[in-house]
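The values are calculated or read from the model by the stated rules, or taken from the named source; none is laboratory data. If you're wondering where the values come from, they're calculated on a predicted model, not measured in any experiment. With ideal geometry, Cβ positions are generated from the backbone for all residues, glycine too; neighbour counts draw on all protein chains shown. Please note that ligands, DNA and RNA were not included when accessible areas were found on the heavy atoms of the full protein model with its side chains. Shrake-Rupley method; radii C 1.70, N 1.55, O 1.52, S 1.80 Å.
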Amino acid sequence: MDFLEEKKEYYKIIAPIVNSYGFEIVELNSKSRADGLYINIVLYSPSGISLNDCSKVHKAVQGRIEVHTGSRDVYIEVSSPGVNRNLKSANEFNVFKGKTIKLIFGNNTEWSYYIIKDADRENVLLEPINKNSNHSQSGNEVKLQYSEIRKAKLES
């Protein structure tokens with residue numbers, strides 16, 4: 001799993017705009033096609049992302065990308081991460097600190113439930129919870145390297 005700022009072409013242009021509104025980028029994808037540049041941005045805020053928020057970011061990013069590329073053939077989609085989002089990159093664990101996730105790691109084949117306690121560039125610190133009682137299992141924190149995680153999803 002990678003961090004966005006290390007691998008995404010337009011991150012350095014888009015991130016300051018998104019951050020100025022108090023949001024974080026969860027996912028950023030771009031694709032050049034014959035008819036123009038397509039950019040998909042997924043935003044997160046602990047207080048939620050509204051349609052108006054997506055519209056404001058869209059307008060601000062659209063102008064900057066058009067100036068940067070020298071083209072008006074830029075198509076931008078802005079959305080929120082959704083309730084049961086698959087976590088796709090390492091930075092998402094940092095963005096969703098304090099949230100409950102379910103994951104499969106190592107040789108396990110069943111989902112396990114955790115609260116994200118902390119995350120850095122190599123590891124994530126998780127606190128197991130008992131899904132049936134919604135209580136944490138204190139003192140049993142698990143530290144995993146991202147390479148050990150096979151699947152991870154936000155739990156609604």
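Counting only strands (runs of 3 or more DSSP E) that fall entirely inside the stretch 46-156 and contain at least 2 residues that are surrounded by 15 or more Cβ atoms within 10 Å (Cβ to Cβ) and not β-branched (Val, Ile, Thr), the qualifying elements are 100-105, 112-119, 123-130, 149-154. Counting residues in the stretch 4-21 that are at positive phi, small (Gly, Ala, Ser) and open to solvent by 50 Å² or more (accessible area, probe 1.4 Å) gives zero. Could you tell me whether any residue of the stretch 23-35 is of a type outside the set (Lys, Arg), assigned to a loop (DSSP other than H, G, I, E, B) and at pLDDT 95 or above? Yes, the stretch 23-35 contains a residue that is of a type outside the set (Lys, Arg), assigned to a loop (DSSP other than H, G, I, E, B) and at pLDDT 95 or above. For the condition at pLDDT below 90, under 21 Å from the mean Cα position of the chain (by Cα) and either at positive phi or basic (Lys, Arg) (or both), Gly82 qualifies. Restricting attention to the stretch 1-22 and to residues that are closer than 20 Å to Asp73 by Cα and part of a loop (DSSP other than H, G, I, E, B), the residue that is modelled with the highest pLDDT turns out to be Tyr10. Considering each of Ser55, Ser89 in turn, give the residue that is touching an Asp or Glu at 6+ places or on another chain (Cβ under 7 Å) and either farther than 20 Å from Val124 by Cβ or at pLDDT below 90 (or both). So the residue among Ser55, Ser89 that is touching an Asp or Glu at 6+ places or on another chain (Cβ under 7 Å) and either farther than 20 Å from Val124 by Cβ or at pLDDT below 90 (or both) is Ser89.
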